[in-house]
1. Only one of these is crowded, with 24+ Cβ neighbours inside 10 Å and within 9 Å of another protein chain (Cβ to nearest Cβ): A:Asp112, A:Asp93. Name it.
2. Within the range B:49-103, which residues are in a helix (DSSP H, G or I) and closer than 18 Å to A:Arg96 by Cβ?
3. State whether one or more residues within the range A:56-70 are at pLDDT 95 or above and surrounded by fewer than 18 Cβ atoms within 10 Å (Cβ to Cβ).
4. Mind checking which residues of the range A:126-154 are facing chain B (nearest Cβ under 7 Å), open to solvent by less than 10 Å² (accessible area, probe 1.4 Å) and more than 24 Å from A:Met74 (Cβ to Cβ)?
5. Given the residues A:Leu36, A:Leu18, which is the only one that is modelled with pLDDT under 95 and of a type outside the set (S, T, N, Q)?
6. Between A:Leu163, A:Leu157, A:Leu262, which is within 14 Å of chain B (Cβ to nearest Cβ), more than 20 Å from A:Phe5 (Cα to Cα) and open to solvent by 30 Å² or more (accessible area, probe 1.4 Å)?
7. Being touching a Pro at 6+ places or on another chain (Cβ under 9 Å) and open to solvent by 60 Å² or more (accessible area, probe 1.4 Å) is the filter here, so list the residues in the range B:217-246 that pass it.
2 protein chains.
Amino acid sequence: MNRFFERVEELARERDSLLCVGLDSDVARIPRTCLLKDNPQLWFNQQIIEATKDLVCAYKINLAFYESLGPRGMETLAKTRALIPSEVPVIADAKRGDIGNTARHYARAVFDVFGFDAVTVNPYMGYDSLTPFLEYQDKGVFVLCLTSNPGAKDFQLPEELYLSVAEKCREWNEKSGNIGLVVGAMYPEQISAIRQRFPEGWFLVPGIGAQGGDIRAVLQAGRRGTDKGGLIFNVSRSIIFASQESDFAQRAREQAEHFLALIRAAK
Amino acid sequence: MNRFFERVEELARERDSLLCVGLDSDVARIPRTCLLKDNPQLWFNQQIIEATKDLVCAYKINLAFYESLGPRGMETLAKTRALIPSEVPVIADAKRGDIGNTARHYARAVFDVFGFDAVTVNPYMGYDSLTPFLEYQDKGVFVLCLTSNPGAKDFQLPEELYLSVAEKCREWNEKSGNIGLVVGAMYPEQISAIRQRFPEGWFLVPGIGAQGGDIRAVLQAGRRGTDKGGLIFNVSRSIIFASQESDFAQRAREQAEHFLALIRAAK
């Protein structure tokens, strides 16, 4: 098995946790108490990581919240990545996609420069836009399939594009062995159809936090037949912004425990 | 009309140029003579810009070639942007796409932090992933429609997804007025169908350089009925990497003049 998915699976089993915490650390939303620090975003991340690092099977970091602060934000991205304990794999939520030669540079950025263990990518430009990522055999590559936002209704759901993506990814995965899918929690019925097309794949599932997706329904529809696993639930805002006060890290931990309990209860 | 497209149109008319030069300045491919400089990528860009700045109606900078150098690369991106004369609009080739709140941060990065005049975005996640970009009314937003790479055959061409994208973009453009499309030069027949769906839009056309697309066929199929315009031809590698010797800037200018002559002759 691919090294990234192997690590997630080991940690998920060891901790009985399918929870991924998303460090979508929008500086406009972090508690005021952080603003006194030299690098508020980094300090905030450090507190959140310290408070949750034993509860998760992975972290996910969305690059947008760092890119919007320019070069200094990219420094913070690198430093945040380095703060995460080595036993916990980290996903770069980048949603990149470009022609082969260019995609190679994006792959280099997330894997070689910033040292992520997995990445999210956009399938619109097809196979040759994904291969530079897939060539990193130890890394995981989550392809957007059915997303949790309203815009999924514009192109993904009509003509069942999301099923074509799932089918192609299954086919491509026979060669590379490191493809997963991003599947939003809002659509249990569709998740079941996606699982049929890609029985062995890992699904990264956003949408159970602020967006209110039903964990039990997702688990029933989406878990693998073989081992009842293959799902990673990501929660970002509902955990990291649980409080605007100085107790924010403790409250983040409580929220992480809350979601972890919901996931365990639903299994 | 939207300020970005107005500026492109003015410059295109004034210079009789539909040429955009793409600064895909892969450090592994820039001439050795640049490597003696403190910041080879920036110095290379400066020479290319100096040599071509009076020939173009826009520049395009692909972010991947800067992101792959980490925070320092992002500094070079900002400095490169700043080197371009104020009369020439600059497109960030970023191909971003994420849910609304996150996309807002990408929009802030390209428009507010790095000061670009337009951006390329990916439509897979639908309308709410584009609105944060569209809300910048003075900026241009090129949505990927039919791309010039082999992978276009995986999802864009089957079920005519590219036509759905063109139709939706036309509809959305009635509100925002700042949408253009990315349409690869390899498919004149499809370009004609896209033009029918989006009669008034600007098309950013890659694929006439290294990839060998037919300029005359693209012009016949894709120009607007109203003013015979609405097309921007981007050429990257064939111009900026025209020579590996110390004459690279002069050779880049010659290649830019060559493509400009081809475009003029085909009109």
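The values are calculated or read from the model by the stated rules, or taken from the named source; none is laboratory data. Just so it is clear, the model here is predicted, and its values are computed rather than measured. Please note: Cβ atoms are built from the backbone with ideal geometry, for glycine as well, and neighbour counts cover all protein chains shown. In case anyone asks, the SASA skips ligands and DNA or RNA and just uses the protein heavy atoms, side chains included. Shrake-Rupley method; radii C 1.70, N 1.55, O 1.52, S 1.80 Å.
1. Values: A:Asp112 fails: crowded, with 24+ Cβ neighbours inside 10 Å.
None of the other options fit; the residue is A:Asp93.
2. Let us first name the residues in the range B:49-103 that are in a helix (DSSP H, G or I), namely B:49-52, B:64-67, B:70-83, B:100-103.
Selection gives B:Ala64, B:Phe65, B:Tyr66, B:Glu67, B:Gly70, B:Pro71, B:Gly73, B:Met74, B:Leu77, B:Thr102, B:Ala103.
3. Let us first name the residues in the range A:56-70 that are at pLDDT 95 or above, namely A:56-70.
Subset that is surrounded by fewer than 18 Cβ atoms within 10 Å (Cβ to Cβ): none.
Looking for residues that are at pLDDT 95 or above and surrounded by fewer than 18 Cβ atoms within 10 Å (Cβ to Cβ), one finds none in the range A:56-70, hence no.
4. Hits for the range A:126-154 are A:Gly126, A:Thr147, A:Asn149, A:Gly151, A:Ala152.
5. Working: A:Leu18 fails: modelled with pLDDT under 95.
Exactly one of A:Leu36, A:Leu18 is modelled with pLDDT under 95 and of a type outside the set (S, T, N, Q), namely A:Leu36.
6. Working: A:Leu163 fails: open to solvent by 30 Å² or more (accessible area, probe 1.4 Å); A:Leu262 fails: within 14 Å of chain B (Cβ to nearest Cβ).
Answer to the check: A:Leu157.
7. Selection gives B:Gln220, B:Gly225, B:Thr226, B:Gln244, B:Glu245, B:Ser246.
Okay, residues lined up against (1) in contact with a helix residue (DSSP H, G or I) (Cβ under 9 Å, 6 or more places away or on another chain); (2) in contact (Cβ under 8 Å) with a residue 40 or more places away in the chain:
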| site | (1), (2) |
| --- | --- |
| B:Gln156 | yes, no |
| B:Gly177 | yes, yes |
| B:Gly180 | yes, yes |
| B:Ala210 | yes, no |
| B:Ala221 | yes, no |
| B:Ser236 | no, yes |
| B:Ala242 | yes, no |
